[in-house]
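Since every read-out is calculated from the coordinates, none of them should be taken as a lab result. Bear in mind the structure is a predicted one, so any value in this text is a computation, not a measurement. With ideal geometry, Cβ positions are generated from the backbone for all residues, glycine too; neighbour counts draw on all protein chains shown.
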Amino acid sequence: MDIFSFGVHFTDEKSCRLHFKEQRDKQGVVCKRCGCTDHYWLINKWSYQCKSCSSRTSLRSGTIMESSKLSFLVWYKTIFLMSTTKKGFSSKEIQRQLGLKRYEPVWAMVHKLRRAMGDRDDRYTLEGMIEMDEGYFTIEASEQAHKTQKAGRGSKTKSNVMIMAESTILEDIETGKVDRQCRYFKAKVLEDHKADGTDQSFKDAIDDEQTIIFTDKSTSYVNIADYVEIHMTEKSNEQTTKETLKWVHIAISNAKRNFAGTYHKIKKKYLQLYLNEFVYKLNRRYFGERIFDRLIIASITANGH
Ligand SMILES: [Zn+2]
C-alpha cells in the first residue's frame, strides 16, 4: 500500500469501515455471550447480530478499536503510517501528520497497535539455529532514580534486552565461503533473572525440541543448555561479532539507531512496545505492501484493552 493507493481506497470513514468488516468477516466473529459464530449483519447499525441469542456485536467490539473513540479513518491512516516506513513514527509525529487536537488518544492508539504487533509475533517460536545476545538500550531514568541519585529530569539509564535471530549457515558451493542468513527475530526486555538463570521470555521464544543456541561467554544466562538441544558459546571478539552473532548484532545496532532517531525519550515500561514494532517490521521485511493488510488483521484479532 503506497500513499497514492491508500488515498484511492480509503477516502472516508465508510470505505475504512467496509474494508474492516470485510477483513473481520474473513477472521470470523464470535458472540461474546454464547460463543456462536453465525451472525446477521445489521447494515444500519454497523453491528453483527448473533443468530442464536440475538446479542449484538458492533464492528469495533472485540477488536483493538473496542474502547477507542477515534474514527476508523484515523486508525487506518495510523496503520498506514506505521506500516509503510521502516523507520516508524512517534505518537507526536502521527498526531501532527493527522492534524489531531489531543495527544493522549493518539498515544493510546499507537501503543495498542504496538502491543498487537507483539502479540502477533508471540504466536511464533524460533527454531533451528539461533543467535542470541543482550543489548543495552538507552531509556529514561526512573522517578526513583531521580530522587535517590539526585539525577536531573531527563537523565538516562540502560535497560537490558534479549535479542534472538534465527540464523542458518550456508556454504557457497562454488567458493566454499560460509555465510549466515537470517530469518525471524525476537527482542524481549529482560526482567530480573529467575534463580535458575533463565528468563521465561527465553523459554517462550524458542521451539525447544531441536534448537541450537549461539551466544558469547558473557551472557547472563547460565542454564540455556537445559532448555535446548545444544548451547554453543564463543568468546566475544571481533570475529564473533562479524560471524557467529552477525545478525543479532546488526539487529541491535539498527534498533538503537532507529529509536535514537525517532523517539524523544523511552520509558522502561514502554521499551517492549517500541521493540515490538521494530521486530514486527523486521520479521516482515519482504512483505512489501502486504504489511498494511497484515496489520489490519492483527488489529482485528488483538483485544483493545
Ligand atoms: Zn450469541
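How large is log10 I(q)/I(0) at q = 0.15, 0.16 Å⁻¹ when the Debye formula is applied to the Cα atoms of the chain, each weighted equally and without solvent? Taken in order of the listed q values, log10 I(q)/I(0) reads -1.21, -1.29.
Say R0 is 22 Å: what FRET efficiency, to the nearest 0.05, do Q49 and S15 get from their beta-carbon distance? Write out the running numbers ahead of the final one.
Working: r = 23 Å, r/R0 = 1.06.
Between Q49 and S15 the formula returns 0.40.
Would you mind ranking I169, I163 by Cβ crowding within 10 Å, fewest neighbours first?
The most exposed by this proxy come first: I169, I163.
Kindly express, to the nearest 10 degrees and within the range 0 to 90, the angle between helix 246-262's C-alpha long axis and the longest C-alpha principal axis of the chain. That helix lies at roughly 50 degrees to the long axis.
For the residue pairs K14/K268; K14/K267; K69/K265; K45/K268; K101/K269, the C-alpha atoms sit more than 30 angstrom apart in K14/K268; K14/K267; K45/K268. Measure nothing fancy, just the Cα-based angle from helix 13-27's long axis to the longest principal axis of the chain, in degrees from 0 to 90, nearest 10. Computed tilt is about 60 degrees.
Taking R0 as 41 Å, what FRET efficiency do you get between K217 and Q23 from their Cβ-Cβ distance, rounded to the nearest 0.05? Working shown, then result.
Working: r = 48 Å, r/R0 = 1.16.
For R0 = 41 Å, the calculated efficiency reads 0.30.
Report the extension gain between V178 and D208 in nm, rounded to one decimal, defined as 0.36 nm multiplied by the number of residues separating them, less their alpha carbon distance. Walk me through the intermediate numbers first.
Working: separation 30, 0.36 × 30 = 10.80 nm, distance 2.58 nm.
Going from the current span to full extension adds 8.2 nm.
Once the Cα atoms are used to define both axes, helix 290-301 deviates from the longest principal axis of the chain by about 70 degrees.
Any idea what % of Cα-Cα pairs in the stretch 1-116 are farther than 25 Å?
29 percent
Find how much the distance from S90 to D122 grows on full extension, using 0.36 nm per residue of separation minus their present alpha carbon separation; answer in nm with one decimal.
Details: separation 32, 0.36 × 32 = 11.52 nm, distance 2.32 nm.
Answer, rounded to one decimal: 9.2 nm.
Counting only residues at least eight positions apart within a chain, or on another chain, the aspartates and glutamates with an alpha carbon under 18 Å from that of K21 are D12, E13, D38, E66, D293. Straight-line cross-link reach from K217 at under 16 Å between alpha-carbon atoms covers these aspartates and glutamates, not counting any fewer than eight positions away in the same chain: E131, D133, E134, E234, E238, E243. Remark: the K156-S236 segment gains 26.1 nm on full extension, using 0.36 nm per residue and subtracting the alpha carbon distance. Model label sites at S61 and Y40, defined 7 Å from Cα along the beta-carbon direction, differ in position by 1.5 nm. Based on DSSP H segments of at least four residues, each scored -39500 (n - 2.57), the chain has a per-residue ellipticity at 222 nm of -12500 deg cm²/dmol.
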